[in-house]
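Notes follow once the structure below has been shown.
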Amino acid sequence: MKTTWRRIFYVVMIVNFLVGITLTIINTVNTKYFPTFLSGFMETVLTTAFFSLIIEHFRNVEKGIDSANRRASGQPQLPDSAYSSTPEFIRKFFASQAGTSQPNNSQSAPRPAQPAQPAQPVQPAADTWTCSCGTVNAGAAKFCKSCGKPKQ
């Protein structure tokens, strides 16, 4: 649920960061003066933080408008993760690094109940045999493990 403006600011923020760091490194190498690197790096980090704030503002506005529209039309509210400023592939990456398949979001909407699946009868494997008493035995067994009858 990202607006065009949020996507534009993502691209601008990433380009700003990459170009800013590259120019800072080139300028530092040319001048051989370390404070040049620090000033350029800080400028790049601060403008990236500024773009991050703008993106977060757009996220909050989008969430508020969408929540109001959903409330007015009687639709269920979306979980906060639907409006996240973090791209989905980054959230999945960090969730996998933490050992969980999905991030633990305590504010997510409850999931609808799934209908109960009927129990499937267990089919014996090809290397098994079933005794007349109903016990499933290993294929190599010559006698039933339950009643002791020989394999027929």
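The values are calculated or read from the model by the stated rules, or taken from the named source; none is laboratory data. This is a predicted model, so every value here is computed, not measured. Using ideal geometry, Cβ is built from the backbone for each residue, glycine included, and neighbour counts are taken over all protein chains shown.
Numerical summary
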| item | result |
| --- | --- |
| Qualifying residue in the stretch 138-146 (condition: modelled with pLDDT of 65 or more and assigned to a helix (DSSP H, G or I)) | no |
| Among the candidates Gln152, Gln107, residue that is polar (S, T, N, Q) and at pLDDT 75 or above | Gln152 |
| Boolean, Thr48 is under 30 Å from Pro79 (Cα atoms), surrounded by fewer than 14 Cβ atoms within 10 Å (Cβ to Cβ) and of a type outside the set (Lys, Arg) | no |
| In the stretch 11-31, the residues that are within 29 Å of the chain's Cα centre (by Cα) and either within 19 Å of Ile54 (Cα to Cα) or among the polar types (S, T, N, Q) (or both) | Val11, Val12, Met13, Ile14, Val15, Asn16, Phe17, Leu18 |
| Any pair with Cβ under 8 angstrom, 6 or more apart, that starts in the stretch 46-66 at a residue that is of a type in the set (Phe, Trp, Tyr) and ends at one that is not in a helix (DSSP H, G or I) | Phe58/Thr3 |
